[in-house]
Amino acid sequence: MESMTLYLAGSKSRRSRRRPTWLCFPRLNNPTPRKVPLCPNPTNLEGPPPKPDYPVQSLPPGVREFALAVAEAHQVPKSYAGNLVLAAASIALTKRVVVDGGRGPTTSLNEWFLTVLESGSGKSSSLHLVYAPIYSFERALISQSQTPEGGTNDLGLVSSEPTPEALERRLRANEGRFAVANAEAADLFSILAGRYAQGGTANIGLFLKAYSGENHRSDRVLRGATYINEPRLTLSLALQPSAWEKVCQSGEFRERGLMARFLVDCPESLLGWRKADPSPVPRDLRDDWDNRMRCLLDINPPKEDGEPQPYRANLSPQAHTLLKEFKERSEVGLRPDGYWEECREFGARAAEHLLKLAGLLHCLERPRSPWEHPVSEQTLQAAIQLFGYYAQQIRVASGSVRQSRENLRLQYLVERIASKSEWRESFNLRQLWQLVK
């Protein structure tokens with residue numbers, strides 16, 4: 001019988017044959033998945049899953065052109081430039097503006113971005129260009145403060161690789177908001193994995209709390225008691241592929257949900273195809289970006305009992321209807337053999353990620369008093385397109401990590417079997433189990 005090559009519209013792996021694609025979730029009133037429509041450009045299930053194209057058109061006008069200009073000038077993937085502008089907005093807006101999606105708690109705009117790119121890809125230079133307004137604002141903030149002689153100044157918005165103890169001080173000194181931006185974040189993940197911790201156990205509790213805004217209370221013999229109300233942390237990180245593989249091997253990172261909080265991006269490398277004389281970022285685009293970020297950084301909400309009370313940006317009625325449909329379909333994807341089968345922890349936070357992206361896009365589009373305007377249906381639709389990109393990336397990455405772990409287990413079994421010279425002729429399953437149990 002001749003072998004058959006199977007095709008399925010939008011599928012990403014052999015295991016996804018029975019899964020609906022992102023826009024083909026079965027509705028709640030119809031638990032049976034709909035038939036997948038014919039596709040004029042089928043995906044070969046026998047080949048590697050293709051990576052999606054970054055929907056740069058989802059970024060607001062002005063921001064879109066700036067991101068493309070950064071990608072051109074520094075010869076980096078446009079998705080990396082897009083991640084940087086969204087992360088910069090997140091740094092400025094954390095604990096300043098929240099999105100009210102209707103019923104349930106409001107959504108803070110602190111988001112976590114992680115890009116996997118080779119060394120020499122232009123990550124650092126791109127980051128410094130996009131974050132220039134933030135660094136300028138931070139310098140002015142620190143210069144205006146008065147630090148006792150011989151003391152340390154923990155004011156500021158951004159650090160590169162703080163220890164959990166240093167992050168605690170920074171959050172406490174900056175009204176519970178802070179950010180970590182690092183184009184070579186391997187050392188940061190080593191710190192989180194327990195490089196300086198007793199016993200080498202992962203020390204990620206405060207990082208997890210600072211994503212969700214869970215109040216932080218700690219009592220230490222030497223440092224005393226610490227209380228931080230609703231800490232919020234933004235992360236803008238990049239890793240080399242080898243470091244990414246090591247991070248993925250951490251069972252504790254995975255089991256405690258650290259990686260599920262990231263919007264992961266693994267774009268194709270441009271090394272070997274970069275232009276020798278790219279065009280620099282036009283001055284007018286840089287000025288527009290600086291002015292836009294200055295407006296966001298200058299947002300200063302009222303305080304109550306010394307704590308900032310962020311402004312609320314509500315959804316329009318049409319956007320609320322679209323959000324409800326998104327939640328219903330995403331929830332179905334969490335069922336066994338659903339869309340989120342290989343990354344359930346990430347899928348469980350799908351609506352939260354979506355609202356964060358929608359809020360960032362809305363504020364970038366209307367940097368002056370964004371809370372005075374509702375988040376439109378068009379903005380939420382653009383956020384869905386962006387989230388769809390990250391969802392595809394995380395599914396591809398999750399499948400690759402799972403396959404890598406299986407390969408490591410198989411390699412271990414083969415090595416143990418080869419170590420037994422007497423097994424060259426035969427051995428049984430019980431013997432193998434006793435050897436590797």
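Data table
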{"item": "In Å², nearest 10: area of HIS216 left accessible to a 1.4 Å probe", "result": "20"}
{"item": "Cross-link reach list, aspartates and glutamates versus LYS437, counting only Cα pairs under 15 Å and skipping chain neighbours closer than eight places", "result": "GLU415"}
{"item": "Gain on full stretching of the segment that runs from SER242 to ASP187 - 0.36 nm per residue minus C-alpha separation", "result": "18.5 nm"}
{"item": "Projected label distance in nm at TYR135 and ASP219, using a 7 Å step from Cα toward the beta-carbon", "result": "4.3"}
{"item": "Inter-label distance, nm, simple model (7 Å from Cα along the C-beta direction), ASN300/SER212", "result": "3.4"}
{"item": "Projected-area average for the stretch 220-324 over all orientations - Cα convex hull basis, square nanometres", "result": "14.4"}
{"item": "Cβ-Cβ FRET estimate between GLU165 and GLU268, R0 fixed at 30 Å, reported to 0.05", "result": "0.20"}
{"item": "For the stretch 268-406, average projected area of the Cα convex hull in nm²", "result": "13.4"}
{"item": "Under 22 Å from the Cα of LYS356 - lysines, other chains or at least 8 residues apart", "result": "LYS78, LYS95, LYS209, LYS324, LYS327"}
{"item": "Under 17 Å from the Cα of LYS51 - aspartates and glutamates, other chains or at least 8 residues apart", "result": "GLU118, ASP265, GLU268, GLU342"}
{"item": "Probe 1.4 Å, all protein chains present, accessible-area order of ARG170, ARG232, ARG274, largest first", "result": "ARG274, ARG170, ARG232"}
{"item": "With DNA, RNA and ligands ignored, accessible area of TYR227 (1.4 Å probe; Å², nearest 10)", "result": "100"}
{"item": "Value in Å of the Kirkwood radius, where the stretch 52-186 supplies the Cα pairs that are averaged", "result": "16.6"}
{"item": "Long-range Cα-Cα pairs in the stretch 98-162 (distance over 20 Å), rounded percent", "result": "55"}
{"item": "Förster radius 25 Å - calculated FRET efficiency between GLN57 and ASP288 (Cβ-Cβ, nearest 0.05)", "result": "0.90"}
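The values are calculated or read from the model by the stated rules, or taken from the named source; none is laboratory data. Keep in mind the model is a prediction, meaning the values are calculated, not measured. Cβ atoms come from the backbone with ideal geometry, glycine included; neighbour counts cover every protein chain shown. Please note that ligands, DNA and RNA were not included when accessible areas were found on the heavy atoms of the full protein model with its side chains. Shrake-Rupley method; radii C 1.70, N 1.55, O 1.52, S 1.80 Å.
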